[in-house]
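Novice: Pasting a structure here, questions to come.
Please treat every number below as a calculation from the coordinates, not as lab data. Values in this document were obtained by computation on a predicted structure and should not be read as measured data. Using ideal geometry, Cβ is built from the backbone for each residue, glycine included, and neighbour counts are taken over all protein chains shown.
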Amino acid sequence: MTRITFHGAAETVTGSKYLLEANGTSVLVDCGLFQGRKDLRERNWHKLPFSPKSVNAVVLTHSHIDHIGYLPRFIKDGCIGPVYCTPASEEIGELLLLDSAKMQQEDAEYANKKGFSKHKPALPLYNEYDVKRAMRKFRTVQRDEWFQAAGPFWMRYHDAGHLLGSSMIEVEVREPAKTTRLLFSGDVGRYGAPLYFDPQPPPACDFLICETTYGDRDHKPGSAIDSLQKVVLDSIARGGVMVIASFAVGRAQQLMYLLSTLLRERRIPEIPIFLDSPMAVSGTKIYQYYAEEHDLIEGLNCTSADAFDMQHIHLTRTTEESKRINSHRSAAVIISSSGMMVGGRILHHLKQRLPDPRNTIVLGGFQAEGTRGRALQDGARSIRVHGQDIPVRSAVVEMTELSGHADRGELLRWLQPLPPPKTVFLTHGEVPSASAFADRLRQTRSWNCVLPRMGESFELD
Ligand SMILES: [Zn+2]
């Protein structure tokens, strides 16, 4: 008998952790950090209801922090691994986990300085040493090949088209009496997205664990490149600076690809473009290395070799270079992280650019509850940055076309060829989104849908 327990991404988008147990063997699928609202972030500090020592292997769908960000702590607390993922996921994972450790160390130092932590002294959840120790547990696996994660758990990766290396996981629990088949969607990408191949069709399964980030809405129609061209031209017409809040790995590279294509095809004039994120610069190197994994949009005048045009894009690594951008007064594009504006260099750009109506702030993807990005999306008149209230007078543009997540229509399209599973567990969505998607699947396909609660367990029979 196989059992699944939902220890994260249940009734919320972050903290993905799904524990599988069969025949005395345990495997954890994803080991994500809770992000966004304070009560969610505090969960990262709760003791897990199972011991990391009891887990025989961890298998990762992709390297976003809400899927891997708890891993260094999990290893530190006694899990002896191994940790399986695709080769690109390992490289991106190391980059993002080191950054996560740095941010947590900074948060702990800040809390100690201000004296507002309940813990004395405030400690980071993990540090760079813990990340390095976790990285030693990594074992890479190519897509489309079965591998034995532990005991009866056999797994196979398929391209999910959401991030370089991202995959859905097909699972076979091979027990003497029977084999149970599961499918973890991971995060499902978009059809026709810049740089990524379309998500692979889902293999048949008895139990489906499906994400519902956008289960209740569709993205704006139209292509990302046309919409980006329009936003850049509008921003130039107003004489302002355009700041794009972007994840440093994934969206930043898509933006570079699209902007360099627009420049090459002379669809936008030659204005300065700054990639102001040292991590995005490192992320671009990883994307360049895995050139064969890019699906370049048909008809766009570009090859893998020049997908990221370094000639026209200024990469800023040092703080001094970054500060110099502040004095830039004419039309320009600044790509900076973090994507939901919870930290990073973008905060300085917000302070500088939000109060001027000529400027444009672009939100490029999902904005979790409790983040500055969500506040701007919801029309806040001012937001708090570094203890100061900054008035929002600039234009704020949402470009959902840049989202890395399938919308409702694309999730339905992805699921179209799948024969009915016995049960579909809808996860990785806020409650309204997951329940709207459940209703849709019940009405249109008569599927048996369940919205698991945090910590809830199910026997998969
Ligand atoms: Zn993701």
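Novice: Quick one: of K38/K76; K53/K285; K76/K178; K17/K285; K38/K323; K38/K220, which pairs are farther than 26 Å apart, Cα to Cα?
Specialist: K53/K285; K76/K178; K17/K285; K38/K323; K38/K220
Novice: Now a separate question. Could you work out how much longer the chain between F458 and Q388 gets when fully extended? Use 0.36 nm per residue separation minus the Cα distance between them, nm to one decimal.
Specialist: 20.5 nm is the gain from fully extending F458 to Q388.
Novice: Working from the pairwise distances between different alpha carbons, so that the mean of 1/r is found and then inverted, what is segment 137-209's Kirkwood radius in Å?
Specialist: With all distinct Cα pairs of segment 137-209 included, I get 13.0 Å.
Novice: Tell me what the chain gives for mean residue ellipticity at 222 nm when only DSSP H runs of n ≥ 4 count, each as -39,500 (n - 2.57), the sum divided by the residue total, rounded to 500 deg cm²/dmol.
Specialist: One gets -9000 deg cm²/dmol as the mean residue ellipticity at 222 nm.
Novice: Same structure, new question: Mind checking segment 1-77 for chymotrypsin sites (Phe, Trp or Tyr not before Pro) that DSSP puts in a loop (not H, G, I, E or B) and that have at most 13 other Cβ atoms within 10 Å?
Specialist: Here the sparse-neighbourhood loop sites are W45.
Novice: Let me ask something additional. Going by how many other Cβ atoms sit within 10 Å of their own, how do T2, T25 line up, fewest first?
Specialist: T25, T2
Novice: How high is the FRET efficiency between S327 and R133 when r is their beta carbon distance and R₀ equals 60 Å, given to the nearest 0.05?
Specialist: Taking R0 as 60 Å, the efficiency between S327 and R133 is 0.90.
Novice: Working from the alpha-carbon coordinates of segment 53-127, get Rg over Rh, Rh being the Kirkwood radius.
Specialist: Ratio of gyration radius to Kirkwood radius for segment 53-127: 1.05.
Novice: Something else about it: How long are the semi-axes of the equivalent ellipsoid of the chain, taking √(5λ) for every eigenvalue λ of the Cα gyration tensor, in whole Å from largest down?
Specialist: 36, 25, 21
Novice: Can I ask one more? So for D389, D234, fewest C-beta neighbours within 10 Å to most, what's the order?
Specialist: Lowest to highest Cβ neighbour count: D389, D234.
Novice: Another question about this same structure. List every residue whose amide H lies under 5 Å from the amide H of V397, counting only residues 5 or more places away in sequence or on a different chain, with H placed 1.01 Å from N in the peptide plane.
Specialist: Answer set, sorted by chain and number: I361, V362, L363.
Novice: Kirkwood hydrodynamic radius, segment 224-402, all distinct C-alpha pairs: what's the number in Å?
Specialist: Evaluated on segment 224-402, it is 16.3 Å.
Novice: Let me make sure I get this right: for segment 119-246, a, b and c are the square roots of the gyration tensor eigenvalues over alpha carbons, sorted descending. Under 1.5 in a/c it's rounded, otherwise prolate if a/b > b/c, else oblate. Which is it?
Specialist: In terms of gyration-tensor shape, oblate.
Novice: Please order Y289, Y214 by the number of other Cβ within 10 Å, starting at the fewest.
Specialist: Lowest count first: Y289, Y214.
Novice: Among bridges DSSP assigns within the chain, what percent are antiparallel (round to 5)?
Specialist: Percent antiparallel among DSSP bridges in the chain is about 45.
Novice: Using packing as a proxy for protection, rank 218-224, 162-168 so that the peptide with the highest average count of other Cβ atoms within 10 Å comes first.
Specialist: Order by mean packing, descending: 162-168, 218-224.
Novice: If you don't mind, there's one more thing I want to ask. Return the loop-located trypsin sites (Lys or Arg not before Pro) in segment 172-249 (DSSP other than H, G, I, E, B) with at most 14 other Cβ atoms within 10 Å of their own Cβ; answer none if there are none.
Specialist: Loop-located and lightly packed - K178, R217.
Novice: Take every DSSP beta bridge with both residues inside segment 224-402 and express the antiparallel ones as a percent of the total, to the nearest 5.
Specialist: 15
Novice: What is the distance in Å between the Cα centroid of segment 24-81 and that of segment 226-258?
Specialist: 34
Novice: Continuing with the same structure: To the nearest 10 degrees, how steep is helix 278-289 against the longest Cα principal axis of the chain, on a 0 to 90 scale?
Specialist: Around 60 degrees separate the two axes.
Novice: If each residue of separation counts as 0.36 nm, what is the full-extension length gain between E175 and E42 once their alpha-carbon separation is subtracted?
Specialist: This chain segment gains 44.1 nm when fully extended.
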